[in-house]
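Following: one structure in structure tokens, then a few remarks.
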Amino acid sequence: MTLKKAHELAPGGIITEPGNSQDFKTGDWREQRPVWNKENCIHCLFCWIYCPDSSIRIVQDESGRWRMDGIQYDHCKGCGICAFHCPGKKGNKALVMEREEK
């Protein structure tokens, strides 16, 4: 094996292909994951606003309102920020963290 010279190495810390984050599935190392309970969801979208990984899926309904549609677990790292900020309905959160079973 021969070592590469400095000019042959790929640049570190530089995004050489912008917009490629969807190609990398980064959610496979989490210990906990958010679970969505539709009945307790008021569709405030706080989870979508606060999610650092854009893992909350939203859709626009027939009336033009945006609503939560689920969680994209391929990119979710299990940080729990979405569950922390979820107000829920009548004190029951729509997002709760549970242990990841693999």
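Every read-out reported here was derived from the displayed coordinates using simple, explicitly stated rules and does not represent laboratory data. All values reported here derive from a predicted model rather than from experimental measurement. For neighbour counting, all protein chains shown are included, and Cβ atoms are generated from backbone atoms with ideal geometry for every residue, glycine included.
Numbers below:
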read-out: Dipole moment magnitude, nearest 20 debye, the chain about Cα centre, only Lys, Arg, Asp, Glu C-beta charged; value: 300 debye
read-out: Over the chain: helical MRE at 222 nm, DSSP H runs n ≥ 4 each giving -39500 (n - 2.57), nearest 500; value: -2000 deg cm²/dmol
read-out: Distance in nm between pseudo-label sites at residue 39 and residue 26 (7 Å out along the Cβ direction from Cα); value: 3.5 nm
read-out: Footprinting exposure proxy for 58, 14, 71 (fewest neighbouring C-beta atoms within 10 Å first); value: 14, 58, 71
read-out: All aspartates and glutamates inside 14 Å of residue 5 as judged from Cα atoms, apart from same-chain residues fewer than 8 positions distant; value: none
read-out: Top positive-direction residue, dipole computed over the stretch 52-102 with Cβ charges, set 59, 71, 85; value: 85
read-out: Whichever aspartates and glutamates have a C-alpha closer than 14 Å to that of residue 93, once near sequence neighbours (fewer than 8 apart) are set aside; value: 39
read-out: The stretch 1-41, dipole about Cα centre (Lys/Arg Cβ +1, Asp/Glu Cβ -1), debye to the nearest 20; value: 80 debye
read-out: Amide proton proximity set for residue 71, modelled H, under 5 Å, gap of 5+; value: 57
read-out: Spread of Cα-to-Cα distances over 5 Å intervals beginning at zero, given as percent, for the chain; value: 2, 11, 18, 18, 14, 10, 8, 5, 4, 3, 2, 2, 0
read-out: Shape call, the stretch 51-102: gyration tensor on alpha carbons, a/c limit 1.5; value: oblate
read-out: Vicinal HN-Hα couplings computed from phi for the stretch 56-65 (Karplus, 6.51 cos²θ - 1.76 cosθ + 1.60; Hz; Gly/Pro x); value: 8, 8, 10, 9, 9, 7, 4, 8, x, 7
